Amino acid sequence: PDRIVPLKPTPSLNATMRLSAEVLSLAEQRPNALGEREIVLRGLGIPTIEHLAVTRDAFDTMDFSDNRLTRVENFPRLNRLSSLLVGGNVVTGVDARNLATNVPNLTTLVLTDNQIAGLHEVAKISDGCPKLEFLSLRGNPVVRKLLFWLRVCVVLWLVDVLSTLFSFMLY
């Protein structure tokens, strides 16, 4: 007969857990599909980012998905960190100065299904992550604004192109 392995209990949706050195040492650590070292802190109800200095900059990817984070901030110096997965939280903002100073090599930031509502927050991400190559904002209120502004830009471009065409036709 096959051996049954019990699953790790997951905290209830109402539970919160401080991100302590003990939690970090017990968290799943693995190579991901890209061969990078990843620490998985998914679904623990973590309300704030803290105590990451105990990781000693050993990870390329940190997965904070499905927690209770409200801001992406409070990172110690993590030169190796290139991917940050923060989907499914309640993030409303980013500390651009902290990211620019302490996570200088961040190339991937996943903020899917959060609460980022202002275009100014997207600008902060741009300022704080100069090497950023991939940003996911799907499921955030700001996406509706971005799509609106993209439509406005396309419409203005079309109006400009059409007015130029008509002006050539009239002369």
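Tabulated data
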read-out	value
Cβ-derived FRET efficiency at R0 22 Å, residue 54 paired with residue 34, nearest 0.05	0.35
Solvent-accessible heavy-atom area per residue, rounded to whole Å², over segment 55-129 at 1.4 Å	38
Those residues of segment 40-83 whose amide nitrogen sits under 20 Å from the label point placed on residue 120, 7 Å along Cα→Cβ	70-74
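The values are calculated or read from the model by the stated rules, or taken from the named source; none is laboratory data. Since the model is a prediction, treat every value here as computed from it, not as a measurement. Please note: Cβ atoms are built from the backbone with ideal geometry, for glycine as well, and neighbour counts cover all protein chains shown. Heavy atoms of the whole protein, side chains included, go into the accessibility calculation; ligands, DNA and RNA do not. Shrake-Rupley method; radii C 1.70, N 1.55, O 1.52, S 1.80 Å.
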